[in-house]
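Okay, so here's the structure we're looking at.
Each value in this text was obtained by applying a stated rule to the coordinates, not by laboratory testing. On a predicted model such as this, the values are computed, not experimentally measured, just so you know. Using ideal geometry, Cβ is built from the backbone for each residue, glycine included, and neighbour counts are taken over all protein chains shown.
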Amino acid sequence: MNNYMTKEAMEYLADLKLHQQELEAEKIRLEHQARRLDEEIHLLEEAVRKRMEEKKERLKELTNSVISHPQLELVFKSD
């Protein structure tokens, strides 16, 4: 056998290179998708945190409203 690749070996090598390029493209696509998902998770976490703060604030307002209600004032003061 000589040092030159056979036609079949060259075709096989070309197929492998093509497959490698396809895998690289898929890797890049998946990395990009992972970054987008990370950003989306971050935005959702921020939205949840903000909503929880709003709910806490509303709960404080309602609690203060109940505590300062004239008919309930005596109940809370007697504790």
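Quick notes on this one:
- Helical mean residue ellipticity (222 nm; -39500 (n - 2.57) per DSSP H run of 4+; nearest 500) of the chain: -30500 deg cm²/dmol
- Taking one quarter of the surface of the C-alpha convex hull of the chain gives a mean projected area of 9.9 nm².
- Given charges at Cβ of Lys, Arg, Asp, Glu: the chain dipole, positive-most of 10, 68, 20: 68
- Remark: spin-label model distance residue 36-residue 63 equals 4.3 nm, labels positioned 7 Å along the Cα→Cβ axis.
- Kirkwood Rh and Cα Rg combined as Rg/Rh, region 4-49: 1.48
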